[in-house]
Amino acid sequence: MTAMRQEHPDVVRTLRTLEDDRSSVRLRAALAAGTTPDPRFVGKLVERSGVEPDFFVRDMLTWALTRHPMSVTLPVLVREVRSERPRARSQALHTLSKVGDRRAWPAITEPLLSDPDDEVARSAWRAAVVLVPEGEEPALARSLATRLGRGGRETQLSLSRALAALGEEAVPALRAAASGADPLVRAHALATERLLRDPDTGFGHAIEEAKRVVALGPAADGTDEG
């Protein structure tokens with residue numbers, strides 16, 4: 001019985017090399033963990049995702065996790081979104097968005113959607129639009145719309161993409177935000193609806209045009225059109 005409980009040498013090797021100082025070695029270890037899934041990898045893959053500095057290795061870690069049974073990975077990822085480390089929260093949310101299992105929806109809380117760390121918030125927005133249950137889209141759109149105007153260009157683009165992904169369900173929330181008092185929020189809402197209607201529109205062009213419309217006043221914004 002003791003011998004049966006011993007770790008397989010390949011498992012031990014992969015777990016060890018996930019901690020190697022060389023990113024190329026860690027990348028191969030993550031590839032190995034996904035190529036030959038084993039529940040014993042899951043904890044280390046999630047833990048490593050939260051501290052891994054190399055983008056390509058993080059991407060491979062996420063892929064490896066998607067190769068494992070959701071019954072094993074989901075509870076670990078849901079715990080990780082409550083981590084004190086921003087990168088751990090962000091990566092767990094990113095992986096949940098790739099997994100796409102709606103059982104994780106309760107983990108997408110309002111505090112995560114408004115996380116003070118922009119990268120965490122962006123990951124939460126992306127995960128939310130993937131995991132939102134049918135019928136909950138309008139409520140999610142209203143929640144996301146309260147973040148309009150936040151952050152720099154990349155953060156605003158992420159939020160616009162999330163709202164646009166909700167389609168027509170996001171329009172009432174965008175129209176309400178576009179009629180508010182804050183010109184930055186109004187411009188972001190108008191630009192987002194423009195992206196929803198015309199996905200090929202560049203965000204830079206859409207936001208500059210929206211700012212122009214806001215500056216010209218209500219008569220030019222078109223928010224009361226059908």
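Just so it is clear, none of the values below were taken in a lab; they were calculated from the coordinates. Source: prediction; values computed, not measured. No Cβ is skipped: glycine too gets one built from the backbone with ideal geometry, and neighbour counts run over all protein chains shown.
Please determine, in degrees from 0 to 90 and to the nearest 10, the orientation of helix 70-80 with respect to the longest principal axis defined by the Cα atoms of the chain, where the helix direction is its Cα long axis.
70
Compute the longest continuous run of the chain that contains no exposed GluC sites (Glu not before Pro); treat a site as exposed when its DSSP state is not H, G, I, E or B and it has at most 11 other Cβ atoms within 10 Å.
Values: sites that count: GLU7, GLU84, GLU134, GLU225.
After excluding every exposed loop site, the longest remaining stretch is 135-224.
Size of the dipole of segment 137-219 about the Cα centre, Lys and Arg at +1 and Asp and Glu at -1 on the beta carbon, nothing else charged, in debye to 20?
Details: 11 positive and 10 negative charges, 54 e Å.
My answer is approximately 260 debye.
Treating the beta-carbon of each Lys and Arg as +1 and of each Asp and Glu as -1, no other charges, what is the dipole magnitude of the chain about its Cα centre, to the nearest 20 debye? Working shown, then result.
Numbers: 32 positive and 33 negative charges, 156 e Å.
Using Cβ point charges on Lys, Arg, Asp and Glu, the chain gives about 740 debye.
Sum up the charges of everything whose Cβ sits under 13 Å from the Cβ of VAL42, counting Lys and Arg as +1 and Asp and Glu as -1, but leave VAL42 out.
Working: positive: ARG40, LYS44, ARG48, ARG67, ARG79; negative: ASP38, GLU47, GLU80.
After counting each charged neighbour, the total is +2.
With θ set to phi - 60° and the Karplus curve 6.51 cos²θ - 1.76 cosθ + 1.60, what are the ³J(HN,Hα) couplings of segment 140-147 in order, to the nearest whole Hz, using x for Gly and Pro?
Once rounded to whole Hz, the list reads 5, 4, 5, 5, 5, 5, 6, 9.
Once you charge only the Cβ atoms, +1 for Lys and Arg and -1 for Asp and Glu, what is the size of the charge dipole of segment 58-155 about its Cα centre, to the nearest 20 debye? Can you show the working numbers first?
Details: 16 positive and 13 negative charges, 37 e Å.
The calculation lands at about 180 debye.
Over segment 109-226, calculate the relative contact order: mean separation of alpha carbon pairs under 8 Å at least 6 apart, over the residue count, as a percent.
Numbers: 133 pairs, mean separation 22.6, N = 118.
After rounding, I find 19 percent.
Comparing PRO37, PRO53, PRO86, which has the greatest mean-square fluctuation in the GNM of the chain with Cα pairs linked when under 10 Å apart?
Looking only at PRO37, PRO53, PRO86, the largest GNM fluctuation is found for PRO53.
In degrees between 0 and 90, to the nearest 10, how far off the longest principal axis of the chain does helix 39-49 point, with axes built from Cα atoms?
Taking the Cα atoms of the chain, the angle to 39-49 is about 50 degrees.
Which angle between 0 and 90 degrees, to the nearest 10, do you get for helix 183-197 versus the longest principal axis of the chain when only C-alpha atoms count?
70
Given a Förster distance of 35 angstrom, what is the FRET efficiency for THR201 paired with ASP117, based on the Cβ-Cβ distance and rounded to 0.05?
On the way: r = 28 Å, r/R0 = 0.81.
It comes to 0.80.
Averaging over every viewing direction, what projected area does the convex hull of the Cα atoms of the chain cover, in nm²? Don't jump to the answer; show the numbers that get you there.
On the way: hull surface 57.4 nm².
So the mean shadow area of the Cα hull is 14.3 nm².
Which is the longest stretch in the chain that no exposed loop site breaks, taking sites as trypsin sites (Lys or Arg not before Pro) with a DSSP loop state and at most 13 other Cβ atoms within 10 Å?
That gives 83-226 as the longest site-free run.
Need one number: the % of Cα-Cα pairs in segment 137-219 sitting beyond the 21 Å mark.
Numbers: 534 of 3403 pairs.
Summing the P(r) tail past 21 Å for segment 137-219 gives 16 percent.
Could you check the spin-label model distance between GLU208 and VAL51? Points 7 Å from the Cα along Cα→Cβ, value in nm.
Distance between label points: 4.5 nm.
So if R0 is 30 Å, what FRET efficiency would VAL72 and ARG142 give, r being the distance between their Cβ atoms, rounded to the nearest 0.05?
Details: r = 34 Å, r/R0 = 1.15.
Efficiency at R0 = 30 Å is approximately 0.30.
State log₁₀ I(q)/I(0) for segment 44-101 at q = 0.17 Å⁻¹ as given by the Debye formula over alpha-carbon point scatterers of equal weight, solvent excluded.
Rounded to two decimals, the profile gives -0.43.
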